[in-house]
Amino acid sequence: MKKFNIRKVLDGLTAASSSSSATAQPGTPRENDVIQETLQSEHFQLCKTVRHGFPYQPSSMAFDPVQKILAVGTQNGALRLFGRAGVECYCQHESGAAVIQLQFLINEGALVSALADDSIHLWNLRQKIPAILHSLKFNRERITYCHLPFQSKWLYIGTERGNIHIVNVESFTLSGYVIMWNKAIELSTKTHPGPVVHISDNPMDEGKLLIGFECGVVVLWDLKCKKADYRYNYDEAIHSVAWHHEGKQFVCSHSDGTLTTWNIRAQAKSAQIITPHGKQPKDGKKPEPCKPILKVEYKTTRAGDPFMILSGGLSYDTVGRRACLTVMHGKSTAVLEMDYPIVDFLTLCETPYPNDFQEPYAVVVLLEKDLVVIDLGQIGYPIFENPYPLTIHESPVTCCEYFVDCPAELIPALYSVGSRQKRQGYSKKEWPISGGNWGQGTQSYPEIIITGHADGSIKFWDASALMLQVLYKLKTAKVFERARSKEEKANTDIVEEDPFAIQTLSWCPESRMLCVAGVSAHVIIYRFSKQEITTEVVQLLEVRMQCEFSDGDSPDPGGDQTPTLPTPGASSSPQESEPPTQPSTGSNSSDGPRDNKPCLQVRSSPLKQSPGYQVELVIQLVWVSGEPPQPITSLAINSSYGLVVFGNSNGLAVVDYLQKTLLLNMGTSELYSPSDPYQRQPRSPRKTRQPSGDNPTKTSCMSRLSYLYSESVKKLRSSHLTTLDSNDGSNTSEDRCKSPTSGSTSPCNSDDERKQKFIEKAKMSRKISLSSEQKPDLAEEKFQRWRSLANKKRFCYMNEGKAAARMTQKGAVCRTKSGPNYYAKDNAFTRSRSSSVTSIDRESREAISSFHFCESFPRKTDSVVSPCLLVGTTQGTVMMVALSLPPPGDHRLQQPVGISSCGTLVTLKGGILTMALLDATGTLLPPSYEPWYDPNASDEEKEKSRRRRPASPPSTQEGQDSQFAVLCSEKQAKVVAMPSQTRIYKHNITESSFVLRADVVQMAGAYCIACFCANGHIMTLSLPSLRPLLDVNYLPLTDMRIARTFCFSNLGQALYLTSPTEIQRITYSQETCDNRQEMLSELFTPVETPEAPNKGFFKGLFGGGAQSLDREDLFGETGAGKASRSLAQHIPGPGGMEGMKGAASGIVGDLARARIALDERGQKLGELEDRTAAMMSSADSFSKHAHDMMLKYKDKKWYQL
């Protein structure tokens, strides 16, 4: 066979820059005219695009009733603004202080925020990316409450000292007018009234200000006379105050669960005292106190009784009862239970004017983890269907994947099956928060986000055009039986919480095949179908994976080290035989170690499967001699081959899901061929290591991260290099099998505990391993002999390419056994712990970190591409496994798949993260796939769908074109030419840190490697030369959540879970950054302010209407003087005219703003013209009437009048 000459292909490779850290293989040509790399650094720029999900830890809320925009502030200083479905905006205060209150400048496109650090900020919402126009930082007083009257530019600010300051929101300067607490209360009062908890002006008289103090005192302050008109006293602390729209009454909510109603002219005694949830005693005594009523709102209607809406106030005997919102309307009282504690609520009304009938129609309730809108206009108060993607955290997210430029028919297919899952009983009215406009972006490619959750559910999201909408939800826990009692749960589960949590998933968008791995060491394979079916018996495959030497056991060459070969008459249907008998090694005994038992029990009753994803096969790893199965660290599925491969720290397993058989179950060390120079040999004895924190055992970063699923913030060491082995014997089975959402899920709780465990184990090892230390050569010889025998037997039948391992299938359960338990640990800790065996154990724990199905050259001598599997390990080894597939059709379902290992391809520093294949032109060769067809459709429809498009993408020409294997690890990237397996390029990505996520992605018609490091750097490397194109210090790793969910996708898109409830999407594409302004939605739209309520004839005649106040004369510098400079500091914001010009980029954005400005100006000019015409008409009419009167009385005498 003619040997392939790689030099012809590599002749003239593009020269790498001398300053680049990418190095070429010595002796290899450095220039190449064949592959022209088009990607340059100018194609890349990093910026945030949009944030989805529920605001994390909300603290305040406001609503603009004219613009129909909702604002939510959080405890970390974030602002989230919501309009109609798809209109969202995120902005952040630099200080990060909690937002305590928000106030809209109604219909002005501005928002005032008050923070816990005693600063107030004015946000400009008329631009797509809101910016701060002004800031004011108080130095001597703490801000407790703010109030901005409708159509006023003067903001009232109450403080902790009980004083009230006034700020001009246009210039953000303090007025010299100050209401001091000692002037507001009675002079005879000896105690301080406490902080200001409420400020509001009388709806009918702007010159009267109602001030509520925490102690229970309410003062009606006359702004003009600068004195208190009335003072209202109550024994209990005040939480909120609400006016009746006529301005004659107000209601206060108190800390004892009472509501007091006051007439403004009767300050001696309240008009009414009620306890909504208190038990009324029969003897007329005062009702028992209840929990505080945190907020009350009093809203009137023209046609019926007023609404009184309140939160809190429940009786103290309702222990464990959930938070409630109480709606009192006339004689009826409705108590609405909420799923989470109430943070705040707002009543949405038809008018923004406080002196008119309010006509409430909905209540927005902000909960700690949800946003609920209640319809007040329908019986039973149903809730509106929420159009925002606020259910990301419905169950904690444990994994995330991002797919850009998916097949166009995927989103409609998922939506059609997901629309049947929607709940019923929602309000029939439209969503009331309907402001803003969608962006004008040109992005048209479909995007899908898949999130895996702690309860075993998987959600598919439509993420196209910077929006997010849930498409379909899959519940994987339905496949398993639920533990009914604590005892049953303790006997079956290996995790304390969430045994169904999703750990990793593999999805093929073209074939719609889905493979899911859970924390209970289970794998589920799903097919997509549009038809509902009922599965009588769920197909189950049990796999026994183990890979540990027991030094007391000698390898038995005749042992059952490989799965049994299939017999020609073996049945491929698991239902045709009797179930096997259970092993008698203590699996059914509570005294002996658990063995051959899975962690979860697959349901035995028929399973009704709705249209969507339906279970094809369940694979479970079983306990081995009392040891739980190791968590699955990597997973891959290929629909064209019909194979699923998964791996963990014990090895890998390949399953044929078409034939429901196990093809390969092998330890990682057994993948190395006997003559492999990279194989992990047992090491000779060394001096006993000193157990210290400065010299811990080094492991792959990926193996560490696979166990870190805690929601708490973790502090990483600055070096990012060393940590204790998460798979070391010092960890118990409970430590290795924590839930992704439990509080302490880290394998090692602290450095001190790690050191102590390490010291204790080292001491024990030295005591019980003396015999093995005396004969280290014997252990090495034994290991070598076993390896050669195992490899010889394991691969003797595979090289033929025709045989494969098939499981014995009996009944609904299929079980297999791998080789003898050479590495098994027992509870007595009897195995040797000498230094040589410790090194063997450490090397044997080499875990599988990644897989990649491809069509390539398995061996150097091959000239024809064939199906292959690339296997990457946590110690940086990449191995090639050749696959021999039977012909398609019936032969594929009857003949076995052949598998043979081809040894090590290359080694890298750090664990392998991603692998890919390029052709000779630098184009990515994706894995082959099978077109989707409905498995429950008729045979004719299946054939039609299969003929609709090719079964796999085109591959390289046989023996003519070369390929390039792209390999990326935690430390470096390499490009290897195939089939010669010559390293062409190498790039050291990082020395002081490690890469958390790496993907080969498409950008601007070319391909590159995108990397995210633990030190926060995001980098891209060109292909195949590995030139650095982008290196930005974006986000240091402060939480394992980011490491677990960060993922890159094509066309410069990426995302991560920035909080337990929010997804942050970013882009590293210059083109997307340039077009971001056009893609983002608009919050502010020109809307005419509703007309003020008509006073009516008699109110206008006798002065009974609303009294206006010239606040400019009262609060301005001429009337009130200047405020103290030391009281507050004015800080100009970046959102002024210069900031707006800098932030407003893009021609479309400029045109849109110009159009809005012209519309506003034209609208004002039109109004002015209408007013002028009305005045001219009125003047003409008056002139005519005056002339007629003159003519009528011109010739009459005075006595004739």
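The values are calculated or read from the model by the stated rules, or taken from the named source; none is laboratory data. Just so it is clear, the model here is predicted, and its values are computed rather than measured. In this analysis, Cβ positions are derived from the backbone assuming ideal geometry, glycine residues included, and neighbour counts consider all displayed protein chains. We work out accessible area using only protein heavy atoms, side chains counted, and drop any ligands, DNA or RNA first. Shrake-Rupley method; radii C 1.70, N 1.55, O 1.52, S 1.80 Å.
Along the stretch 892-906 the Karplus relation, 6.51 cos²θ - 1.76 cosθ + 1.60 evaluated at θ = phi - 60°, assigns HN-Hα couplings of 5, 8, 10, 8, x, 8, x, 10, 9, 7, 10, x, 7, 8, 6 Hz to successive residues, with x for each Gly and Pro. So which of 226/286; 48/137; 128/226; 286/331 end up more than 32 Å apart by C-alpha? Distance filter (> 32 Å) returns 226/286; 128/226.
Entry comment: accessible area of the stretch 1055-1095 is 39 Å² per residue, from protein heavy atoms only and a probe of 1.4 Å. Note down the Stokes-Einstein diffusion coefficient of the stretch 138-191 in µm²/s, whole number, using a Kirkwood radius over alpha carbon pairs, 4 °C, and 1.567 mPa s. Answer from the Stokes-Einstein relation: 107 µm²/s.
With contacts taken as Cα pairs under 8 Å at a separation of at least 6 residues, the stretch 280-336 carries a relative contact order of 27 percent.
Quote the FRET efficiency, to the nearest 0.05, computed for residue 151 versus residue 408 with a Förster distance R0 of 51 Å and r equal to the Cβ-Cβ distance. With a Förster radius of 51 Å, E is 0.55.
In the context of the full set of protein chains, the stretch 183-342 has a per residue accessible area of 49 Å² (1.4 Å probe). Here the stretch 384-543 yields Rg over Rh of 1.01, to two decimals, using C-alpha coordinates and the Kirkwood radius. Ignoring ligands, DNA and RNA, what percent of the accessible area of the stretch 30-166 is carbon or sulfur (1.4 Å)? Taking all protein chains in place, the stretch 30-166 shows 44 percent carbon and sulfur surface.
On a C-alpha basis, how far is the centre of the stretch 248-289 from the centre of the stretch 313-380 in Å? Whole number, if you could? The two parts, judged by their Cα centres, are 20 Å apart.
Treating only the Cβ atoms of Lys and Arg (+1) and Asp and Glu (-1) as charged, compute the dipole magnitude of the stretch 377-426 about its Cα centre; round to the nearest 20 debye.
Computed about the Cα centre, the dipole is about 300 debye.
Residues whose amide H lies under 5 Å from that of residue 663, counting only those 5 or more places away or on a different chain, are 654, 655, 656; hydrogens are built 1.01 Å from N in the peptide plane. Placing unit charges on the Cβ atoms only, positive for Lys and Arg and negative for Asp and Glu, gives the stretch 273-342 a dipole magnitude near 160 debye about its Cα centre. Distance between the pseudo-spin-label points of residue 331 and residue 274 (7 Å out from Cα toward the beta carbon): 1.3 nm.
Karplus-based coupling profile of the stretch 51-68, in residue order and whole Hz: 10, 10, x, 7, x, 6, 6, x, 9, 7, 7, 8, 9, 9, x, 8, 6, 6, with θ = phi - 60° in 6.51 cos²θ - 1.76 cosθ + 1.60 and x standing for Gly or Pro.
For the stretch 114-198, the residue among 178, 152, 191 whose Cα projects farthest onto the positive side of the dipole built from Cβ charges is 152.
When each of the peptides 909-919, 473-483 is scored by the mean number of other C-beta atoms lying within 10 Å of its residues, the order from highest to lowest reads 909-919, 473-483.
Counting every Cα pair in the stretch 42-168, what percent are over 27 Å apart? Taking all Cα-Cα pairs of the stretch 42-168, the fraction more than 27 Å apart is 18 percent. Take each peptide in 41-52, 151-162, 456-467, 886-897, count the other Cβ atoms within 10 Å of every residue, and average; sorted highest first, the result is 456-467, 151-162, 41-52, 886-897. Put simply, the C-alpha atoms of the stretch 259-305 give a gyration tensor, and the ellipsoid matching it has half-axes of 23, 16, 12 Å, longest first.
One quarter of the convex hull surface, Cα atoms only: what value does that give for the stretch 238-331 in nm²? Kindly include the intermediate steps, with their values, before the conclusion.
Values: hull surface 27.2 nm².
Value for the stretch 238-331: 6.8 nm².
If the segment from residue 85 to residue 261 were pulled out straight at 0.36 nm per residue, it would be longer than the present Cα-Cα gap by 59.4 nm. Distance between the 7 Å Cα→Cβ label points at residue 444 and residue 191: 7.1 nm.
Ranked by the mean number of other Cβ atoms within 10 Å of their residues, highest first, the peptides 606-615, 417-426 come out as 606-615, 417-426.
Would you work out if the stretch 972-1048 is rounded, prolate or oblate? Take a ≥ b ≥ c from the square roots of the eigenvalues of the alpha-carbon gyration tensor; rounded if a/c is under 1.5, else prolate when a/b is larger than b/c, oblate otherwise.
Values: a/c = 2.13, a/b = 1.76, b/c = 1.21.
Prolate is the answer for the stretch 972-1048, as a/c is 1.5 or above and a/b outweighs b/c.
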